[in-house]
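The values are calculated or read from the model by the stated rules, or taken from the named source; none is laboratory data. Because the structure is a prediction, the values reported are computed rather than measured. Cβ atoms come from the backbone with ideal geometry, glycine included; neighbour counts cover every protein chain shown.
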Amino acid sequence: MAKQKNTKKQKKSKTNLDGSAKSQAKFSKISNEKKEAIGNVVRELVAEEAIQIVLYLIGKTKVSEFTVANDLDMEIHKARNLLYRLYEQNILSFIRKKDKIKGWYICYWDFNEKSIPFLSIKIKQQKLAKLQDRLEKESNSTFYMCKSACTRMDFERAMEFNFKCPECGELMDEQNNARTLEFLKEKIKELKK
């Protein structure tokens, strides 16, 4: 009996190796630029730790959450959490099937590679909009700060505190934000490329 179990495990591990070798071959065909784009999108929308899941799923189809958790040496609840967060961002898709023996539902996951360029553009547009809003606010407002740089306030808020820092009590002076404006303009210029 024990020998039969071992041979089944050996066969299973051999198929895992063959499957991962095939996916590794497909993974190596993906350019470093694409890997970097995938990593940036996943890092921005989900988390750094989710990148390994996406890279693992490249070239594979219908991979169960248990396989993902096992192969990446993650706890199942952590893997599920990241998988669902990736799904919410349309980076992954899944189908759910009922296990005939145990009666549980198991999700089988796929990487949605076509969504990456669109998500990358969306992230860039959101960053650009935030920077433009900040640039407008910096351009149209006067800011005040104490010498210790405890807090920074616009004119209306500084007036509420009688131009005294709420942290240290020092008198607040007008801040020259020319460097901040220049920095924001540079960032906007970079993102528009």
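Observations on the structure shown:
- Scoring LYS114 on the criteria (1) under 30 Å from VAL63 (Cβ atoms); (2) at pLDDT 95 or above leaves a single failure, condition (2).
- Criterion: touching a residue at least 12 places away in the same chain (Cβ under 8 Å), surrounded by fewer than 16 Cβ atoms within 10 Å (Cβ to Cβ) and either of a type in the set (Phe, Trp, Tyr) or over 30 Å from LEU184 (Cα atoms) (or both) - qualifying residue of ASP110, ASP73, ASP99: ASP110
- Within segment 133-142, the residues that satisfy the criterion of being exposed (fewer than 15 other Cβ atoms within 10 Å of the Cβ) and not hydroxyl-bearing (Ser, Thr, Tyr) are ASP133, GLU136, LYS137, ASN140.
- Unique residue being exposed (fewer than 13 other Cβ atoms within 10 Å of the Cβ), over 26 Å from LYS127 (Cα atoms) and either touching a strand residue (DSSP E or B) at 6+ places or on another chain (Cβ under 7 Å) or modelled with pLDDT under 95 (or both) when the list is MET145, MET159: MET159
- Enumerated strands (runs of 3 or more DSSP E) restricted to segment 88-193, each holding at least 1 residues that are in the same structural domain as ASP71 (by TED's automatic domain parsing): 92-98, 105-111
- Residue within segment 59-73 that is in the same structural domain as ASP99 (by TED's automatic domain parsing), more than 12 Å from TRP109 (Cβ to Cβ), assigned to a helix (DSSP H, G or I) and among the small types (Gly, Ala, Ser) present: no
- For ASN32, the conditions (1) under 18 Å from SER115 (Cα atoms); (2) of a type in the set (S, T, N, Q); (3) in contact with an Asp or Glu (Cβ under 9 Å, 6 or more places away or on another chain); (4) modelled with pLDDT under 95 all hold with the exception of (3).
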